[in-house]
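Student: My structure is below; once you've seen it, I'll send some questions.
The values are calculated or read from the model by the stated rules, or taken from the named source; none is laboratory data. Computed from a predicted model, the values in this text were never measured in an experiment. For neighbour counting, all protein chains shown are included, and Cβ atoms are generated from backbone atoms with ideal geometry for every residue, glycine included. These accessible areas exclude ligands, DNA and RNA; they are computed on the full protein's heavy atoms, side chains included. Shrake-Rupley method; radii C 1.70, N 1.55, O 1.52, S 1.80 Å.
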Amino acid sequence: MKKRVLLFVSIVSLSLTFNSCSKDDDSSSSTSGTIVGEWEFLKEGTIVSGTEFLSPFEHTSGCTKNYIEFKSNGMAEDYYYEKPSGSCVEYVDEATWTKEGNALSVNYGGGDFFDSEIMILNSTTLKIKFADDGGTINVVEFVRK
């Protein structure tokens, strides 16, 4: 559980670097696709005054890229990779998920949950936003594996 928390803390802290910016100007954006499947972390960042500041997600070099799998039975598995002793180690956190309209909630149990709003959901892209405890609006973009 600590590793999962560290992953989300790293997402939030990395998002504060503001290395690049982009604006979602895709007029064909949809949120009606299916979330079921494997989604690789692609970008992360924040929204400030309506403008997105996104940077590439930093995966552990030489390891499989981090991803989350949403299963049709409401279960999810969050896969992330680290090199604690020089070789890649896979960690998997299990969760349940629900989607109602554009609201996505992932519950890791023990009071550890993650609520977000879906900005884009189509056959190739999942983009979510959420507020952290400090009120910063964070964005994470995934690409379907």
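Student: Taking the range 40-74 as the search range and keeping residues that are open to solvent by 70 Å² or more (accessible area, probe 1.4 Å) and part of a strand (DSSP E or B), which one is farthest from residue 117 (Cα to Cα)?
Tutor: 56
Student: Which ones in the range 85-97 are open to solvent by less than 80 Å² (accessible area, probe 1.4 Å), on the phi < 0 side of the Ramachandran plot and assigned to a loop (DSSP other than H, G, I, E, B)?
Tutor: Narrowing the range 85-97 to residues open to solvent by less than 80 Å² (accessible area, probe 1.4 Å): 86-89, 91-93, 95-97.
Filter once more, so that each one left must be on the phi < 0 side of the Ramachandran plot: 87-89, 91-93, 95-97.
Selection gives 87, 88.
Student: So, residue 66, is that one more than 22 Å from residue 102 (Cβ to Cβ) and at pLDDT below 95 or not?
Tutor: Values: more than 22 Å from residue 102 (Cβ to Cβ): yes; at pLDDT below 95: no.
No, not satisfied.
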